[in-house]
């Protein structure tokens, strides 16, 4: 397959990868919120909800990032910004903090 044919597919694969990342983190937020709610109560549910909303934002920004890659490959737009990566890192840190709090509070 030639490189010119693959340019559109590359951007589509990037967008799909961000969708899978958002879905996985959203699932993790729901599961961690459910597990942690037994020890932290409403605080865990609020923070897990914030993580789930962050995943929705990640879904939107990730798809936009894939589209910007496609435009950059055809020369019509500068490359994507790093905001989707920042959102993903923030969600991961939030979920990790919830789990650390659950572990520190013990059974």
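The values are calculated or read from the model by the stated rules, or taken from the named source; none is laboratory data. Please read these numbers as outputs of a predicted model, since none were measured by experiment. Here the Cβ is made from the backbone with ideal geometry for all residues, glycine too, and neighbour counts use every protein chain on show.
Things worth noting here:
- Within region 41-60, considering residues that are touching a helix residue (DSSP H, G or I) at 6+ places or on another chain (Cβ under 6 Å) and touching a residue at least 40 places away in the same chain (Cβ under 8 Å), the one farthest from residue 16 (Cα to Cα): 44
Residue-wise test of (1) within 15 Å of the chain's Cα centre (by Cα); (2) at pLDDT below 85.
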| site | (1), (2) |
| --- | --- |
| 53 | yes, no |
| 65 | yes, yes |
| 86 | yes, yes |
| 107 | no, yes |
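- Residue in region 72-83 that is modelled with the highest pLDDT, counting only those that are touching a helix residue (DSSP H, G or I) at 6+ places or on another chain (Cβ under 8 Å) and outside any loop (DSSP other than H, G, I, E, B): 83
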